[in-house]
1. Answer with yes or no whether Leu155 is touching a residue at least 40 places away in the same chain (Cβ under 8 Å), farther than 19 Å from Gly26 by Cβ and touching a helix residue (DSSP H, G or I) at 6+ places or on another chain (Cβ under 9 Å).
2. Determine whether Met114 is touching a strand residue (DSSP E or B) at 6+ places or on another chain (Cβ under 9 Å), more than 16 Å from the ligand (Cβ to nearest atom) and not assigned by TED's automatic domain parsing to the domain that holds Leu163.
3. Quick check on Val218: is it under 21 Å from Glu55 (Cα atoms) and either part of a strand (DSSP E or B) or in the same structural domain as Thr57 (by TED's automatic domain parsing) (or both)?
4. Before we move on, is Gly165 surrounded by fewer than 13 Cβ atoms within 10 Å (Cβ to Cβ) and on the phi > 0 side of the Ramachandran plot?
5. Looking only at the stretch 60-118, count how many residues are within 15 Å of Asp211 (Cα to Cα), surrounded by 22 or more Cβ atoms within 10 Å (Cβ to Cβ) and basic (Lys, Arg).
6. Counting residues that are charged (D, E, K, R) and within 16 Å of the ligand (Cβ to nearest atom), which strands (runs of 3 or more DSSP E) fully inside the stretch 1-97 reach at least 1?
7. Hey, Thr195 hits all of (1) farther than 30 Å from Glu8 by Cα; (2) in a loop (DSSP other than H, G, I, E, B) but one; which does it fall short on?
Amino acid sequence: MSDQFKQEAAERAAEDVTEGMRLGIGTGSTAEFFVQALAKRVAGGLNIVGVPTSERTRDLATELGIKLTTLDEMPQLDLTVDGADEFDPELALIKGGGGALLREKIVAAASERMIVIADGSKEVDALGRFPLPIEVVPFGLEATRRAIVTVLSDLGLPDVLVLRGGASQPFVTDGGHFILDAHLEKISDVKALATRLVAIPGVVEHGLFIDLATKAYVAGTDGVKTVLPI
Ligand SMILES: O=C[C@H](O)[C@H](O)[C@H](O)COP(=O)(O)O
């Protein structure tokens, strides 16, 4: 069922893509449905250029005949369409469940608008049930982990950090970094946490996307609803 909802949200977002758009293309299972829907429109004659947010998305989009470039070649984008692991009423997001948060955030920040596509299970009152991915440099991992623990304790949050993939075979991002997943349950001050995390030298990025999403298409049993930030 969730796959069907993801597909419905993705197909709705594909309808918003117009001729000549410079498009950021997200990563994940919902974004893959968007790539498929977009490819159908491209096959029907729509002319767009995309910037993929991961190697995975690059491979799929290339395979399906979508014209791609890089953010260096095309540094300003009209629209990014991407999935999310969670979104709150302000359309603040947790992203990075698939490990693509860094490129996703760079691409979203270079876009005039960002549409989130999701099934209804991603909608929450407060972010944090989904573990927050924090992308870190492998060098000095333990020192960085301790610095993050200090920030979490200062903010009254649980300090449970899990190295994605485990110590013997850590997950490595497209940028060559590791991910620490922070099990926070409920983040009361999203902006304070974001500010403190980026100030830690070994932290490359975190999965909190604040003031980036301009609209969400959310699919459920009642169809696809449009959510705007409050
Ligand atoms: O790194 C992955 C991305 O942030 C995804 O957009 C996010 O994890 C949602 O993925 P899915 O659509 O597979 O739930």
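1. Spelling it out, Leu155 is indeed touching a residue at least 40 places away in the same chain (Cβ under 8 Å), farther than 19 Å from Gly26 by Cβ and touching a helix residue (DSSP H, G or I) at 6+ places or on another chain (Cβ under 9 Å).
2. Numbers: touching a strand residue (DSSP E or B) at 6+ places or on another chain (Cβ under 9 Å): yes; more than 16 Å from the ligand (Cβ to nearest atom): no; not assigned by TED's automatic domain parsing to the domain that holds Leu163: yes.
Answer is no for this residue.
3. On the way: under 21 Å from Glu55 (Cα atoms): no; either part of a strand (DSSP E or B) or in the same structural domain as Thr57 (by TED's automatic domain parsing) (or both): yes.
Taking the combined requirement at face value, the residue does not satisfy it.
4. Judged against the criteria, Gly165 is not a match.
5. Within the stretch 60-118, residues that are within 15 Å of Asp211 (Cα to Cα), surrounded by 22 or more Cβ atoms within 10 Å (Cβ to Cβ) and basic (Lys, Arg) number 2.
6. On the way: elements: 22-25, 49-52, 77-82.
Filter on the stretch 1-97 gives 77-82.
7. (2)
The values are calculated or read from the model by the stated rules, or taken from the named source; none is laboratory data. The structure presented is a predicted model; accordingly, all values stated were derived computationally and were not measured. With ideal geometry, Cβ positions are generated from the backbone for all residues, glycine too; neighbour counts draw on all protein chains shown.
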